[in-house]
Amino acid sequence: MKDISLVLKMMLKEKKDILFSVFFGFLAGITAVSLFAASGYLISQAAFAPPIYTLMILVASVKLLGITSAISRYGERYFSHRGTFTILKNIRLKVYDQIEPLASRLLQKYRSGDILARIVGDVESLQHFFLRVFYPPIVLAAVFIATIFFTMYISAGVALTMSAGMIVVLIVFPAIFYMIQKKAALSMREKRGVLSSEFTDYLYGFRELTIFQQAERKEQQLFDEMNQYEEMKASENRQLAIREAIVIFFSFFIAIIILVQAGFYVAEGNLAGTLLAMLFMIAITVFEDTPSMAVLPAHLEESKSSSKRLIEVWENEEPSKVAVQELEPDLPLHFDFKDVFIQYPNEKKPAVQHASLQIKPGKNIAIVGPSGSGKSTLMQALLTFAPVKSGHILVNGEDINTIAPDSLWEQMNVSLQHNHFFYGSIYENLRFANRNASAEICRDALEKVQLTHFSLEDQVLEKGTNLSGGEKQRLALARLFLREASIWLLDEPTSSLDSITEQQIMNEIEKVTKYQTVVTIRHRLTGLESMDRIIVMNQGEIVEQGTYTELMGKENGYFKAMKELESQQLAF
Amino acid sequence: MGAASICMALAIVGQSYLVVTVIQKLFLNNAAFPSILPAVFILIGMLLLRTIFQYMIKGSGIKMAQIAKVSIRKKLLQHFNGQQMTDADKGQSGQKTSLFMDTVDEIDGYFSQYLPQLIQSAGIVLIVWIVIFIQNWTSGLIILISAPFIPIFMMIIGVKTKDKSKEQLSQLAAFSGTFLDTLQGLPTVKLFGQSDGQRNKINQDSTSFRDATMGVLKVAFTNSLSLEFISMLSIGLIALEIAIRMIIFQNLSFFSGFFVLLLAPELFSQLKQLGSAFHSGRASMGAASRVEDVLKEETKPVSWGTVPLKSDKAPEIILEQASFHYEQGRFRLEPASMTISPYEQVAIIGKTGAGKSTLLGLLAGFLPAEDGKFLIDGIPQEKVQKADWFQRISYLTQQPYVFSGTVRENILLGSLEKQSDQEIREVADRAGIWDWISDLPFGLDTIIGEGGRGLSGGEKQRIAIARTLLKKPQILFFDEPTTGLDIQTEHILQRSLDSLKNQATMVTVAHRLHTVRNADKIFLLDQGKIAGEGTHNELYKNNKMYQQMINTQQGGREA
Ligand SMILES: Nc1ncnc2c1ncn2[C@@H]1O[C@H](COP(=O)(O)OP(=O)(O)OP(=O)(O)O)[C@@H](O)[C@H]1O
Ligand SMILES: Nc1ncnc2c1ncn2[C@@H]1O[C@H](COP(=O)(O)OP(=O)(O)OP(=O)(O)O)[C@@H](O)[C@H]1O
Ligand SMILES: [Mg+2]
Ligand SMILES: [Mg+2]
């Protein structure tokens, strides 16, 4: 029950459609039974050449029942499907709402193709929960009970047989099938997830695969995965077909038993012969829809595993703390790190340790250090993205965890080490930073980063693959020129630029950040003289900090040694 | 399948025949109860046969669907594989994934439902109709007149199904595309405060998909409603006609009347089932046509030939007035001529966006040269054997992709041959990443990439470099190998690359100019044109742009 709770909860919001589906389903079922009962009665009556008007009444009622049945069937289908697909739509949104706060953490646990398979494939498969598991038994049972009541007036014995048949079909068979149902459902959904994530991996890595001529190997691997998945699916479908055949056979069989039983009563003289055909027709019709009960257990199992796969994504994540405190928008930000440790999940040692530093408003700060020393991680902590294990980060004296992150980000202009671009035009990508930016202002921003050879309508492909490395970095910076922010956080903003362009663009940034705080992560140690503070990191620790002159003045200083190495290399 | 369908039809006829016999005997002939028992046993036998044949037809449909889906996915894979690199970038990955998964799944219906139902219905309708006609020709006539309306209506209503289903699937693909793109860019979404906007977009796509789905379904339901009406009408007519013949004309026996009355619904139920199967068949065709659209997309992969390269040495590469432009965008690589001799160290430099990466792709044979010539060891590139060339080269892209998998798998990607851990260790060491790997809790078996441990920018870069070194290539193409690396790491890497000097030709794109100052030849690119060529000293003397670049790099402010 816990597994399926997600669907149940969402389902209850569509009460009206559920009620309509059940109502029309019942109407359609019961009128179909009456229709066939009437026609069986009609033919038996006809054998005795009755007065023509009885016949006319019967024929008319057959017609009427037929039309009612057809229309109700339409209503049932319409409402049940409308309800279902609205439920699915809401589930998709709910899943998105749940995973959105997890952001980058999510992709360290799951592959994006897998998540995609969950929100599309698994959610789609939940449609069977309502359409095949939830309401059909209700409708079937109602039709059965009504029919059995009616039959009781004709022959209690037949009604008893019918009840027994109903119990077998509605309860015994599904229960048996449910028990022997292998736990194939979960592994099949999982396989689908794997196939989907392998495929996205293949698409994302297509360049590398072609370059190393591994595309064929990957293709073969995908092909094998897919074959296995289809094989699993086909064998499951065959299973279902067998079960369906068993139930179909059984329901015919019950109809024959009823025929024989009623026949026995007729032969004994306990039942009017005119009712024989009618009883048989009733039996055949009332059992007609029961094959759906054969597939119910499989659908239930599938829905359960789909639902489980969805919930699993966010289940074990701690609920995001309700940080409510809004930052005052116009107050400059002052950050204070107090002995901060940051450790990624499943890691033995922290990525950043003993980090104590201050970022004062209006200062120009550089973070330098070897690759893997924790520079980006430190910046992630400022953005509240990093898993801080101990220590405190204070923003204007308040703990960062108590501050609503939105109000924090609103005051930040961030360029990550790898920036994301969305599939769409340059304009759309720029306006992502500021919804109100006019074309004029956007063009201005493009000019600042020397991207005037692009028009605003030019397309950016997924992940910006049609841009050169430097163009991507420049477009990321162009976005920042569209926003007002009191602190700029730049993680190697110019690592893919040539030195001339780099210089020009840094000048542009300087122009707009005269009074703002700027924190830059960089590898190159040139041009650090004017920094208010340089933070030097190594192996997760801040080994030195100070101004350029202070650091260069240190005997055996780490920074000094690095700087000397660089000058050696740069000497021509 | 056809045979199974005929057998099933016979079983249905037999079943109805026996039911009528039993009822006739008991109801009209007042027969003793035991006399009907043999008929009942045969009846049960008939039922068994009916279900078995039905299962057989269904089973073969399942098999057909499986085969069809596998072969369609295979075709899609082959298509994607054959794409030229820049064509492969078009479109959204989420859309493609949706096509590969959901759209192909949708094709299932044609094979697993429509085809089997068509055969089943055809056999049953035909035989049942013949029996009805023999029993009571007037009923046969009514059916003959009314039944054809069913396929006619089915087709009229179903005309739009194909397009609607195509629409539905493209809505699903659009949703997938947006979702996957958003998923990848979630941090960006949040940092720019666009959570609400993006949520709206997702919600919109999700709602459009629901609406499209309902659009398809409404057609299906209308379809069944009209089929229901037609069959109701003709069954009603038949019942009326039988009653009139039995009562007024008294020229039809109860037996024949009841027999026909049992058979007619069987016939119409087959037609109705065919109706809904037809609907899913049409929907599948919509899906198939989406797949076809993709398969039809043209792509011009670089063409290769069959001439193997002769020498064991690194091949010489010559470009003569070769040019290139991307399908979209304004960038043009102007006709370029360059000669790269075996074991030469060549650098390509220039401002960002000058076309360095493009030129490198051209030299490595990933992008097709438009005019001019591209000679490998004197043989035109399009004649050279593809495998032979790619075996000799290695290429580091500007933004290497880390696959979801272990560190070992990621490095092993670099070579088609088997490599020992020792060899992996060696290249990792050269790339300056071995110490880091051996520090990991699971070493080479640590899972990285999506769904795995995160890496810092420089670590990613070094894994990619190790990958390129693995197959000991004769020509190395490096696109900015030292981005994201600090001075020290860069220094280590530089030294190990220097040690490869006599084993491989190296073509390096660089903007950190000190890394290429010892190159044998430097090409300076400016706005798609080769604006200078020579050694460091030559260029420094003669080329203004080069001087300027060197000066700014050394920390001096631009004049
Ligand atoms: N998601 C993660 N899970 C586990 N470890 C991580 C993760 N991200 C980074 N690390 C590790 O944390 C350390 C610091 O990484 P970080 O990205 O902060 O380095 P960096 O200083 O920015 O390096 P670079 O200059 O190469 O970008 C590295 O050892 C890295 O392997
Ligand atoms: N797939 C593509 N489709 C269309 N245009 C492209 C594509 N790839 C690159 N371009 C364009 O071609 C031009 C040259 O790009 P290229 O990647 O060769 O530059 P680059 O010299 O390597 O620059 P950088 O130093 O910034 O990496 C750029 O203007 C870029 O926008
Ligand atoms: Mg970093
Ligand atoms: Mg480039």
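List of remarks:
Yes/no per residue for (1) within 16 Å of ligand 3 (Cβ to nearest atom); (2) under 16 Å from B:PHE523 (Cβ atoms); (3) among the aromatic types (Phe, Trp, Tyr):
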site: B:VAL307; (1), (2), (3): no, no, no
site: B:LYS313; (1), (2), (3): no, no, no
site: B:ALA322; (1), (2), (3): no, yes, no
site: B:PHE331; (1), (2), (3): no, no, yes
site: B:THR339; (1), (2), (3): no, yes, no
site: B:PRO342; (1), (2), (3): no, no, no
site: B:GLY350; (1), (2), (3): no, yes, no
site: B:SER357; (1), (2), (3): no, yes, no
site: B:ASP377; (1), (2), (3): no, no, no
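- The sole residue among B:LYS351, B:LYS300 that is within 14 Å of another protein chain (Cβ to nearest Cβ), among the basic types (Lys, Arg) and within 16 Å of ligand 2 (Cβ to nearest atom) is B:LYS351.
- Sub-7 Å Cβ pairs linking a first residue in segment A:339-356 that is within 15 Å of A:SER373 (Cβ to Cβ) to a second residue that is among the polar types (S, T, N, Q) and within 16 Å of ligand 3 (Cβ to nearest atom), at least 6 apart or interchain, are A:ILE342/A:THR377; A:ALA351/A:THR377; A:VAL352/A:THR377, ordered by first then second residue.
- Residues being in contact with a strand residue (DSSP E or B) (Cβ under 8 Å, 6 or more places away or on another chain), of a type outside the set (A, V, I, L, M) and more than 16 Å from ligand 2 (Cβ to nearest atom) - total across segment B:387-416: 8
- Number of residues in segment B:237-264 that are surrounded by fewer than 20 Cβ atoms within 10 Å (Cβ to Cβ) and not aliphatic (A, V, I, L, M): the value is 8.
- Residue among B:ILE475, B:ILE463, B:ILE447, B:ILE437 that alone is within 30 Å of the chain's Cα centre (by Cα) and surrounded by 21 or more Cβ atoms within 10 Å (Cβ to Cβ): B:ILE463
- B:ALA147 being within 11 Å of chain A (Cβ to nearest Cβ) and either open to solvent by less than 30 Å² (accessible area, probe 1.4 Å) or among the aliphatic types (A, V, I, L, M) (or both): no
- Looking only at residues of segment B:373-425 that are small (Gly, Ala, Ser) and over 28 Å from B:SER341 (Cα atoms), we find that the one that is surrounded by the fewest Cβ atoms within 10 Å (Cβ to Cβ) is B:SER420.
- Checklist (1) modelled with pLDDT under 90; (2) near ligand 2 (Cβ under 10 Å from one of its atoms); (3) buried (at least 22 other Cβ atoms within 10 Å of the Cβ); (4) within 36 Å of the chain's Cα centre (by Cα) applied to A:ASP498, failing item: (4)
- Within segment B:337-355, the set of residues being of a type in the set (A, V, I, L, M, F, W, C) and within 37 Å of the chain's Cα centre (by Cα) comprises B:ILE348, B:ALA354.
- Positions within segment B:42-89 being closer than 30 Å to B:LEU18 by Cα, at the interface with chain A (Cβ under 7 Å from one of its Cβ atoms) and touching a residue at least 40 places away in the same chain (Cβ under 8 Å), in sequence order: B:GLN54, B:LYS58
- Filtered by the rule that a residue be of a type in the set (A, V, I, L, M) and either at pLDDT 85 or above or open to solvent by 30 Å² or more (accessible area, probe 1.4 Å) (or both), segment A:544-572 gives A:LEU551, A:MET552, A:ALA561, A:MET562, A:LEU565, A:ALA571.
- Flag if A:TYR110 is touching a Gly at 6+ places or on another chain (Cβ under 7 Å) and of a type in the set (Ser, Thr, Tyr): yes
Here is a yes/no grid of residues against (1) in contact with a His (Cβ under 6 Å, 6 or more places away or on another chain); (2) over 19 Å from B:LEU227 (Cβ atoms); (3) more than 7 Å from every other protein chain (Cβ to nearest Cβ):
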{"residue": "A:GLY40", "(1), (2), (3)": "no, yes, yes"}
{"residue": "A:LEU55", "(1), (2), (3)": "no, yes, no"}
{"residue": "A:VAL59", "(1), (2), (3)": "no, yes, no"}
{"residue": "A:VAL62", "(1), (2), (3)": "no, no, no"}
{"residue": "A:THR68", "(1), (2), (3)": "no, no, yes"}
{"residue": "A:GLU76", "(1), (2), (3)": "no, no, yes"}
{"residue": "A:PHE79", "(1), (2), (3)": "no, yes, yes"}
{"residue": "A:THR86", "(1), (2), (3)": "no, yes, no"}
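- Sub-7 Å Cβ pairs linking a first residue in segment A:544-572 that is touching a residue at least 60 places away in the same chain (Cβ under 8 Å) to a second residue that is open to solvent by 40 Å² or more (accessible area, probe 1.4 Å) and not in a helix (DSSP H, G or I), at least 6 apart or interchain, are A:GLN545/A:ARG533, ordered by first then second residue.
- Here A:GLN380, A:GLN411, A:GLN417 are screened, and the one residue that is open to solvent by 10 Å² or more (accessible area, probe 1.4 Å), under 26 Å from the mean Cα position of the chain (by Cα) and within 18 Å of A:VAL518 (Cα to Cα) is A:GLN380.
- Checked against (1) farther than 23 Å from B:ARG495 by Cα; (2) within 14 Å of chain B (Cβ to nearest Cβ); (3) open to solvent by 20 Å² or more (accessible area, probe 1.4 Å), A:GLU541 meets all criteria but (2).
- Residues located in segment B:192-210, provided they are more than 24 Å from the chain's Cα centre (by Cα), more than 7 Å from every other protein chain (Cβ to nearest Cβ) and buried (at least 22 other Cβ atoms within 10 Å of the Cβ): B:GLN198
- Looking only at residues in segment B:388-431 that are assigned to a helix (DSSP H, G or I) and touching a Pro at 6+ places or on another chain (Cβ under 9 Å), the one that is nearest to B:LYS300 (Cα to Cα) is B:TRP389.
- The combined condition, being surrounded by 22 or more Cβ atoms within 10 Å (Cβ to Cβ) and in contact (Cβ under 8 Å) with a residue 12 or more places away in the chain, is not fulfilled by A:TYR178.
- Top-ranked residue of segment A:312-327 - restricted to ones that are out of contact with any Phe, Trp or Tyr (no Cβ under 7 Å at 6 or more places or on another chain) and open to solvent by less than 30 Å² (accessible area, probe 1.4 Å), ranked as modelled with the highest pLDDT: A:LEU327
- Test for A:GLU462: is it facing chain B (nearest Cβ under 8 Å), open to solvent by 10 Å² or more (accessible area, probe 1.4 Å) and within 22 Å of B:ASP486 (Cα to Cα): no
- Any helices (runs of 4 or more DSSP H) falling wholly within segment B:432-549 and containing at least 2 residues that are within 16 Å of ligand 1 (Cβ to nearest atom) and at pLDDT 90 or above: B:434-439, B:457-469
- Positions within segment A:427-451 being within 11 Å of chain B (Cβ to nearest Cβ) and either within 16 Å of ligand 1 (Cβ to nearest atom) or under 21 Å from B:GLN527 (Cβ atoms) (or both), in sequence order: A:VAL449, A:GLN450, A:LEU451
- Residue count, segment A:464-494 (criterion: within 16 Å of ligand 1 (Cβ to nearest atom) and without any contact (Cβ under 8 Å) to a residue 40 or more places away in the chain): 2
- Among residues that are closer than 25 Å to A:GLN503 by Cα and among the β-branched types (Val, Ile, Thr), B:THR505 is not included.
The values are calculated or read from the model by the stated rules, or taken from the named source; none is laboratory data. Note that the coordinates shown come from a computational prediction; the quantities given were computed from them, not determined experimentally. Note that each Cβ is placed from the backbone with ideal geometry, even for glycine, and that neighbours are counted across all protein chains shown. Surface accessibility is based on the protein's heavy atoms, side chains included, excluding ligands, DNA and RNA. Shrake-Rupley method; radii C 1.70, N 1.55, O 1.52, S 1.80 Å.
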